[in-house]
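Scroll down for the structure; my scribbles are underneath it.
The values are calculated or read from the model by the stated rules, or taken from the named source; none is laboratory data. The model shown is predicted, which means the values in this text are computed figures rather than measured ones. Cβ sites come from the backbone with ideal geometry, for glycine too, and all protein chains shown count toward neighbours. These accessible areas exclude ligands, DNA and RNA; they are computed on the full protein's heavy atoms, side chains included. Shrake-Rupley method; radii C 1.70, N 1.55, O 1.52, S 1.80 Å.
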Amino acid sequence: PATLVAKAEWTQLWRTRQMSNFEYLMKLNMAAGRTYNDIQQYPVFPWVLADYTSSTIDLNDPAVYRDLSKPVGALNEERLQSFLERYESMVEMQDAEGAMPPFMYGTHYSTPGYVLHYLVRTEPYTLFHIDLQNGCFDDYNRLFNSVEAAWHSSLNSQGDVKELTPEWFCLPAFLRNASKFPLNDSDVAVASLPDS
């Protein structure tokens with residue numbers, strides 16, 4: 001991938017504004033083997049903003065942006081310290097028989113479940129979500145229903161280091177429940193897969 005990126009000169013095109021941020025990130029995803037055609041290797045985009053509570057934001061204010069020099073799992077210093085402590089304790093246990101290899105995060109920044117979490121309102125991902133949940137929608141409290149809550153969880157939760165999907169930057173319709181799926185009432189959150 002590094003050789004491909006260097007030969008393609010994408011970074012230079014991006015730096016000179018001959019390529020948009022979106023195009024550049026899609027090229028990097030492609031070079032890494034990520035594609036819309038494989039939910040296991042779905043393209044990944046970063047959280048860019050860090051303010052999801054204000055009614056208006058000043059895009060000239062650096063404080064509204066996420067620090068892109070760090071992975072999402074390292075943005076919250078307190079949470080990062082707990083990840084580091086766990087890692088160090090695992091290193092100390094490394095010599096024990098059957099010890100798990102040390103790791104920083106207990107999850108990944110992108111998984112098929114995360115893709116379906118964000119895209120539950122968009123076909124065909126709705127059907128994939130229902131299939132993953134054994135023929136019904138997941139509990140409403142676990143569904144993606146708030147950008148603010150998703151950011152807060154990615155920033156603070158020990159088990160959540162999710163980044164975003166490209167749809168956040170090119171398909172705002174993914175946020176709307178245009179098909180009126182029963183997503184907001186756990187009593188009716190049962191759906192059947194259509195007959196094939």
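Matching residues to (1) open to solvent by less than 60 Å² (accessible area, probe 1.4 Å); (2) of a type in the set (Lys, Arg); (3) closer than 28 Å to residue 25 by Cβ:
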residue	(1), (2), (3)
113	yes, no, yes
137	yes, no, no
144	yes, no, yes
180	no, yes, no
Looking only at residues in the range 54-89 that are among the β-branched types (Val, Ile, Thr) and farther than 18 Å from residue 160 by Cβ, which one is most open to solvent (accessible area, probe 1.4 Å)? 56
Looking only at the range 77-136, count every residue that is assigned to a loop (DSSP other than H, G, I, E, B) and small (Gly, Ala, Ser) and tell me the total. 6
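I'd like to check something: does the range 36-45 contain any residue that is open to solvent by 60 Å² or more (accessible area, probe 1.4 Å), over 15 Å from the mean Cα position of the chain (by Cα) and not polar (S, T, N, Q)? Talk me through it step by step, then tell me what you get.
Filtering the range 36-45 down to residues open to solvent by 60 Å² or more (accessible area, probe 1.4 Å) leaves 36-37, 40-41.
Applying the additional criterion that residues be over 15 Å from the mean Cα position of the chain (by Cα) yields 37.
With not polar (S, T, N, Q) added as a condition, the list becomes none.
Within the range 36-45, none of the residues are open to solvent by 60 Å² or more (accessible area, probe 1.4 Å), over 15 Å from the mean Cα position of the chain (by Cα) and not polar (S, T, N, Q).
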Report every pair of residues separated by at least 6 positions or lying on different chains whose Cβ atoms are under 9 Å apart, first residue within the range 165-176 and closer than 17 Å to residue 126 by Cβ and at pLDDT below 95, second part of a helix (DSSP H, G or I) and among the aliphatic types (A, V, I, L, M). 175/147
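Each row is one residue, and each column tells you yes or no for (1) modelled with pLDDT of 95 or more; (2) in a helix (DSSP H, G or I); (3) hydrophobic (A, V, I, L, M, F, W, C).
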position: 138; (1), (2), (3): no, no, no
position: 141; (1), (2), (3): no, yes, no
position: 144; (1), (2), (3): no, no, yes
position: 151; (1), (2), (3): yes, yes, yes
position: 155; (1), (2), (3): yes, yes, yes
position: 158; (1), (2), (3): no, no, no
